[in-house]
1. Select from region 126-145 the residues that are part of a loop (DSSP other than H, G, I, E, B) and over 16 Å from K163 (Cβ atoms) and write down the one among them that is farthest from the chain's Cα centre (by Cα).
2. Given L125, L155, which one is farther than 19 Å from R78 by Cβ and buried (at least 16 other Cβ atoms within 10 Å of the Cβ)?
3. Taking K8, is it modelled with pLDDT under 95, part of a helix (DSSP H, G or I), surrounded by 12 or more Cβ atoms within 10 Å (Cβ to Cβ) and charged (D, E, K, R)?
4. Quick check: is even one residue across region 147-169 assigned to a helix (DSSP H, G or I), closer than 24 Å to E190 by Cα and basic (K, R)?
5. Looking at (1) closer than 19 Å to K81 by Cβ; (2) surrounded by 12 or more Cβ atoms within 10 Å (Cβ to Cβ); (3) modelled with pLDDT of 70 or more, find the lone condition where F199 falls short.
6. Select, from G119, G150, G99, the only residue that is of a type in the set (G, A, S) and touching a residue at least 24 places away in the same chain (Cβ under 8 Å).
7. Scanning region 128-152 for residues that are under 12 Å from L85 (Cβ atoms) and of a type in the set (V, I, T), which turns out surrounded by the most Cβ atoms within 10 Å (Cβ to Cβ)?
8. Give all pairs with beta carbons closer than 7 Å in which a residue from region 1-30 that is more than 16 Å from F44 (Cβ to Cβ) meets a residue that is of a type in the set (A, V, I, L, M) and part of a helix (DSSP H, G or I); count only pairs at least 6 apart in sequence or on separate chains.
Amino acid sequence: MNYPNCLKNLIESFKKLPGVGEKTAERYSYAIINNFEKEDSQFFSKSIQDVKEKLRKCDKCNNITESSICELCSDKRRNKKVICLVQDSKDIILFEKIGFFNGLYYVIEKLISPINGVGPEDINLEKLFKRIEDEKIEEVIIAIKPTIEGETTSLYIARMLEKKDVIVSKIAHGIPIGTDMEYLDPLTLELAIKDRKTF
């Protein structure tokens, strides 16, 4: 027996999520059938639509936001003289959870990877350079995962920032090579940013 079309579509949709195969997608789909009230399913589908329709990149730092400027960039209590460079918006959440860093952020989104066709020109740094000059940024902390691509990107950014009047530091690596930032525990992340080194 085949699944009804609407259930088949739901299973196929779940399979698009990372790490979700056929069995897990089936389990998730049946969980919606058996455990969701009508209001729950409406809220679920509206949440998916909203993140696709309402989220955009912050004009200043590329973080995800519903406004032109994200809440971190517009927060007057933050240290406006320090920017932490991260690869992804998820990384910002990690730093914010530990509550140790009170500066600003900049999301570069891509890492230099010739194998994947990503060169230095594909990393959006112009907005960062303009911000450093316009807002008189004093320090840029590079907090990119320590892979070959991450290290290549970090070195490139550090070289580009040599021309600017700014201190360039990098989070210390008690972080194992090849580890994704999202899997780090809060203490390791806090120590890494505390013990950052100047390039």
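The values are calculated or read from the model by the stated rules, or taken from the named source; none is laboratory data. None of these values were measured; they are calculated from a predicted model. Don't worry about glycine lacking a Cβ; one is built from the backbone with ideal geometry, like all the others, and counts go over all protein chains shown.
1. In the first step, residues of region 126-145 are kept if they are part of a loop (DSSP other than H, G, I, E, B); the result is 135-138, 143-145.
Now narrow it down to the ones that are over 16 Å from K163 (Cβ atoms): 135, 143-145.
Values: E135: 23, A143: 11, I144: 10, K145: 11 Å.
So the residue we want is E135.
2. Numbers: L155 fails: buried (at least 16 other Cβ atoms within 10 Å of the Cβ).
L125 is the lone residue from the list that is farther than 19 Å from R78 by Cβ and buried (at least 16 other Cβ atoms within 10 Å of the Cβ).
3. On the way: modelled with pLDDT under 95: yes; part of a helix (DSSP H, G or I): yes; surrounded by 12 or more Cβ atoms within 10 Å (Cβ to Cβ): yes; charged (D, E, K, R): yes.
So K8 passes the test.
4. Initial filter on region 147-169 (assigned to a helix (DSSP H, G or I)): 148-161.
Subset that is closer than 24 Å to E190 by Cα: 148-155, 157-158.
In the following step, the residues that additionally are basic (K, R) were identified as none.
No, every residue in region 147-169 fails to be assigned to a helix (DSSP H, G or I), closer than 24 Å to E190 by Cα and basic (K, R).
5. (3)
6. Values: G119 fails: touching a residue at least 24 places away in the same chain (Cβ under 8 Å); G99 fails: touching a residue at least 24 places away in the same chain (Cβ under 8 Å).
Residue meeting the stated conditions: G150.
7. Result: V140.
8. Filtered contacts from region 1-30: Y3/I11; K15/A25; E26/I11.
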